[in-house]
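Asker: Here it is, the structure, as C-alpha cells.
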Amino acid sequence: MKKTLLTASLILISSFAFSQSTAKSGLDKLKANLDNAKANLEEYKNNLKIVSANIVEVNKAKSQVEEQKKQVAAQLKDNSSSLTKIQKSEAEVQKLIKTEETQILADDKKIKDLQAMIAKLEENKLKRNTNLESYKVQLTQATEERKVWEQRAAALKEQEKQVAERLKTVNAQEKEWKNKKVGYDGEVSRWSKEIVKQEKIFKQFNDLAEAKK
C-alpha cells in the first residue's frame, strides 16, 4: 500500500526584512526558522521512511507484474506467427498515423501562434512609433527647459557671488563697529567713574564752603 508523503514549510527571513525589524523581532524570527527547520528535518526523515517502504512494495508489485508478463508472453507465443505479424504491422501503422496527426495539430498551433505573434508585433510597432514621436517632443521640451534652468543656475551663481562679497563687506563693517563699541564702552565706563569721583569731590568742597559762611 502506497503511503502519503508529509510536506513541510520553512519560513524564510530575508536580510531586508531583518534589517527593518528590531533585533528582538529578528531573533524571534530566526528562532522560529530554526524550529521549523528541525521540524522539517523530522518530517522529511519520516517521508524518507515512507518512500523506502513504498519502494519495497513497488518492487514486490513489479515482481508480480513481471511474472504475469512472462505468463502472457508465453501464452502469446502459442498464437500463430502470422496473426502476430499482422497485429504488429497494424500497431505500427496506427502509431505512424497518430504521430502524423499529432504533428499536424502541433504545426497548426505553431502557425496560429506565429500569426498572432506577428499581429501583436505589428501592433506594438505602431505603438512604439507613436511613443517615439511623443518622446522626441518631450526631449525637445526637456532640452529647452534644461537650457532655461542652466541659465538660471548661472545667474544664481553670480548672485551668490555678489551676496558673498556683500556679506564679506558687512562682516568687516560689523567687526569694525564692534571694535569701536568696545573702545567707547571703555570710555563711557571710565568717564562715568570720573563723574562719580568729581561729584564726590565737588560735594565735599561745597559742604566746606557752606560751613564757613
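Bear in mind that the values in this text are calculations on the coordinates, not laboratory data. Please read all numbers here as calculations on a predicted model, not as lab measurements. Neighbour counts run over all protein chains shown; Cβ positions are idealised from the backbone, glycine included.
Asker: Counting Lys and Arg as +1 and Asp and Glu as -1, each charge on the Cβ, what is the dipole of the chain about the Cα centre in debye, to the nearest 20? Show your work: numbers first, answer last.
Answerer: Working: 43 positive and 32 negative charges, 170 e Å.
Charge dipole of the chain: 820 debye, to the nearest 20.
Asker: Would you be so kind as to identify which of S189, N171, L114 lies farthest towards the positive end of the dipole of the chain, taking Lys and Arg as +1 and Asp and Glu as -1 on Cβ and the Cα centre as origin?
Answerer: About the Cα centre, the residue reaching furthest to the positive side is S189.
Asker: Could I ask something else about it? Could you tell me which of T84, L96, Q204 has its Cα farthest along the dipole of the chain towards the positive end, charges placed at Cβ (Lys, Arg +1; Asp, Glu -1), taken about the Cα centre?
Answerer: Q204
Asker: Something else: Would you mind classifying segment 78-198 by shape? Square roots of the alpha carbon gyration tensor eigenvalues, ordered a ≥ b ≥ c; an a/c under 1.5 is rounded, otherwise it is prolate if a/b is larger than b/c and oblate if not. Provide the component values of the computation, followed by the final result.
Answerer: Working: a/c = 13.03, a/b = 3.97, b/c = 3.28.
Cα axes put segment 78-198 in the prolate bin.
Asker: Relative contact order for the chain: what percent, with Cα pairs under 8 Å and sequence separation of 6 or more?
Answerer: Relative contact order, the chain: 16 percent.
Asker: Here's a follow-up. Go through K38/K60; K62/K95; K70/K95; K127/K147; K60/K98; K24/K49 and tell me which ones have a Cα-Cα distance over 32 Å in this structure. List each step's numbers first, then the result.
Answerer: Working: K38/K60 34 Å; K62/K95 27 Å; K70/K95 25 Å; K127/K147 30 Å; K60/K98 35 Å; K24/K49 38 Å.
Violating the 32 Å Cα-Cα cut-off are K38/K60; K60/K98; K24/K49.
Asker: Further, regarding this structure: Name the shape class, rounded, prolate or oblate, that the alpha-carbon gyration tensor gives for the chain, where a ≥ b ≥ c are the square roots of its eigenvalues, rounded holds for a/c under 1.5, and otherwise prolate holds if a/b is larger than b/c and oblate otherwise.
Answerer: Working: a/c = 11.42, a/b = 2.54, b/c = 4.50.
Oblate is the answer for the chain, as a/c is 1.5 or above yet b/c matches or exceeds a/b.
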